[in-house]
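Working notes, beginning with the structure itself.
The values are calculated or read from the model by the stated rules, or taken from the named source; none is laboratory data. Note that the structure is predicted; figures quoted are calculated from it, not measured. Positions of Cβ are generated from backbone atoms using ideal geometry, with glycine treated the same way; all protein chains shown enter the neighbour counts. Protein only, heavy atoms only, side chains kept; ligands, DNA and RNA dropped before computing areas. Shrake-Rupley method; radii C 1.70, N 1.55, O 1.52, S 1.80 Å.
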Amino acid sequence: MHVTEQGLALIRRFEGFRTVAYRDQAGIWTIGFGHTSSAGAPLVRPGMKISRKEGLQILARDVASFARGVEHLLEVELGSSQFSALVSFAYNVGLENFRKSSVLRAVNAQDFAAVPRRLALWVKCKGAVLPGLVHRRAAEAAMFLSEDRLRNNQ
């Protein structure tokens, strides 16, 4: 399974790009396209700066790592769009939260119709609904469901 260019574009769009380290809405030091120290090198620290080229390199490593993590947790075969949507979700919430999520349980039970509803539960940070997360989960759900439309058109 692999992450599609559309999946990468979704991650880039919703993460945005920042050349200087900042604290995200959860208070975690972040840089580039949503890279945090929990994803591995480089460790993000206050005052850190990177170029867009470095950000794209870090993103490629991070997405590859998250893709391996997601694939390891899957018990079913998925299409590339479905897989890409799940990698985007895991990239945002972390692999441990993905592992414990009802999203993964629904996927592994092959209850694909439930996945959009399960994704929609993950729209809060510190108890507050964030519009950006609402939009991201809707985009991930649409990408996940697009696999069925692709199959039905073949």
For region 42-60, give me each residue that is open to solvent by 50 Å² or more (accessible area, probe 1.4 Å) and either in a helix (DSSP H, G or I) or under 17 Å from Asn92 (Cα atoms) (or both).
Arg52, Lys53, Glu54, Leu56, Gln57, Ala60
Give the residue, chosen from Arg99, Arg61, that is without any contact (Cβ under 8 Å) to a residue 24 or more places away in the chain and either under 20 Å from Ala9 (Cα atoms) or not hydrophobic (A, V, I, L, M, F, W, C) (or both).
Arg61
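If you take the residues of region 74-91 that are under 15 Å from Pro116 (Cα atoms) and of a type in the set (Gly, Ala, Ser), which of them is surrounded by the most Cβ atoms within 10 Å (Cβ to Cβ)?
Pass one, region 74-91, residues under 15 Å from Pro116 (Cα atoms): 81-90.
Still in the list and also of a type in the set (Gly, Ala, Ser): 81, 84-85, 88, 90.
On the way: Ser81: 22, Ser84: 30, Ala85: 32, Ser88: 30, Ala90: 23.
The qualifying residue surrounded by the most Cβ atoms within 10 Å (Cβ to Cβ) is Ala85.
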Under 7 Å by Cβ, and 6 or more places apart or on different chains, what pairs join a residue from region 5-20 that is over 12 Å from Leu56 (Cβ atoms) and of a type in the set (S, T, N, Q) with one that is part of a helix (DSSP H, G or I) and open to solvent by less than 70 Å² (accessible area, probe 1.4 Å)?
Gln6/Ser84; Gln6/Met143
Could you say which residue among Gly27, Gly32, Gly16, Gly7 is over 18 Å from the mean Cα position of the chain (by Cα) and of a type in the set (Gly, Ala, Ser)?
Gly27
Please verify whether Leu119 is open to solvent by less than 20 Å² (accessible area, probe 1.4 Å), of a type outside the set (Lys, Arg) and closer than 13 Å to Leu10 by Cα, treating the condition exactly as stated.
no
Residue among Gly69, Gly32, Gly94 that is among the small types (Gly, Ala, Ser), surrounded by fewer than 20 Cβ atoms within 10 Å (Cβ to Cβ) and either free of Cβ contacts under 8 Å to residues at least 12 places away in the same chain or touching a Leu at 6+ places or on another chain (Cβ under 9 Å) (or both)
Gly69
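Restricting attention to region 29-40, report how many residues are part of a loop (DSSP other than H, G, I, E, B) and modelled with pLDDT of 95 or more.
Qualifying residue count, region 29-40: 2.
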